[in-house]
Amino acid sequence: SMEASVMRDLVDSSLEVVWISDRHPSDVNYCICVNRMASRVIVVFRGDEGVLRRVKDSTMMDHENPLSEELGNTEFIQLRAAVSKDILTPRLDTKISIVEEIHDRVNKIRIELTGRDPCHVTICGHNLGGGLATVTGFYLACNNDLKLASPIQIVTFASPRVGGKEFQRSFQHLEDSRRILYARFTNVNDMISLRPFWAISGSWKFEDWYKHVGMHICLDTRSIQGFDLDYRRITGLPDELWNLIKSYFCGNSKKSSILEYHRRMRVAKKIYLIQQKRLSKRKRKKLITLEECYALHESFTEFDGDMKGSSSSSLLKLVLVAFFIVIEIGLLLRIMIWRWQK
């Protein structure tokens with residue numbers, strides 16, 4: 001079964017669970033694992049939320065930007081309150097935030113694991129846990145106290161958008177300075193990862209809408225390679241309105257389950273192995289790492305194509321969005337007339 005294959009992969013990964021934080025079911029739950037052979041510490045967040053809660057709890061909060069001195073004129077970043085409040089606010093019992101707690105525990109585990117040597121750190125999460133992992137990874141990368149052998153890596157599945165434009169700008173600064181790497185996995189038509197679009201109680205200007213960050217890897221079983229990859233794709237208002245319509249008409253919350261992600265990743269791996277078998281040994285390519293993806297992102301043909309074709313595709317999406325809006329208004333008018341006549 002799919003559950004058995006997930007457990008098999010976990011056993012084969014040589015991971016050891018060294019800490020579990022589950023004080024209360026409503027509290028932020030996470031665990032810390034280690035891979036002794038690779039000198040890697042992995043923080044895994046657990047979290048789940050439905051579409052309705054994601055729309056309802058879309059309020060943004062201002063937080064001091066830890067990179068304000070480096071960037072200048074960026075004293076605050078806007079983060080989704082449902083994600084940032086629980087992990088950045090000091091706890092009543094420990095007097096420190098969960099991000100600070102994780103920092104201290106990772107540092108202690110590093111000393112036990114490697115002594116004075118640096119270690120590798122990965123932050124993972126699914127659904128709401130993906131948002132928690134994104135914010136935690138950002139703040140750990142801003143902290144220079146951790147002895148790291150490589151940039152902090154974040155791996156999320158069905159992660160929500162967690163911040164505004166200033167957070168996106170600060171996150172990209174960490175990527176450019178090679179302090180953080182982010183693989184953000186989504187499924188095609190996964191309505192969970194598309195939201196929230198904007199803070200209902202905040203500004204409705206497009207520039208103030210929520211922004212995604214990181215290297216986007218969309219798992220698509222219809223694709224030749226099993227996935228599509230893009231990085232820092234420039235999206236305008238028509239694109240976001242199109243995503244909003246897709247989330248209503250094509251979205252499926254079942255595609256957000258971790259088992260569905262596991263299934264699609266296995267499909268992508270099988271497609272890769274089949275393609276490699278068809279090639280001669282000289283032409284076969286090895287799997288590249290996330291760090292290599294970042295180093296080569298400027299030469300991706302998909303990235304260049306998206307940049308060049310953004311104007312025409314946005315115009316088409318704008319026409320389709322206008323068409324759906326006209327239909328929606330027409331249906332509302334017909335319902336109002338029908339009720340008035342009745």
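The values are calculated or read from the model by the stated rules, or taken from the named source; none is laboratory data. Quick caveat, the model's predicted, so the values are computed rather than measured. Quick reminder, even Gly has a Cβ in these numbers, built from the backbone with ideal geometry, and neighbours come from all protein chains shown. SASA here: full protein model, heavy atoms, side chains in, ligands and nucleic acids out. Shrake-Rupley method; radii C 1.70, N 1.55, O 1.52, S 1.80 Å.
Full extension from N189 to E64: what is 0.36 nm times the residue separation minus their Cα-Cα distance, to one decimal in nm?
Gain on extension, N189 to E64, equals 41.6 nm.
Provide the solvent-accessible area of I96, counting protein heavy atoms only and rolling a 1.4 Å probe, rounded to the nearest 10 Å².
50
Would you please give the FRET efficiency between D145 and L71, computed as 1/(1 + (r/R0)^6) with r the Cβ-Cβ distance and R0 = 22 Å, to the nearest 0.05?
Taking R0 as 22 Å, the efficiency between D145 and L71 is 0.60.
Any chance you could look up the accessible area of Y272 with a 1.4 Å probe, heavy atoms only, rounded to 10 Å²?
60
Taking 0.36 nm per intervening residue step and subtracting the Cα-Cα distance, what contour gain separates V17 from C31 on full extension?
Value of the extension gain: 4.3 nm.
Quick one: if you stick a label point 7 Å off each Cα along the C-beta vector at L296 and L259, how many nm between them?
For L296 paired with L259, the spin-label model returns 3.5 nm.
Compute the length gained on full extension between V267 and Q225: take 0.36 nm times their separation in residues and subtract their Cα-Cα distance, giving the result in nm to one decimal.
This chain segment gains 14.2 nm when fully extended.
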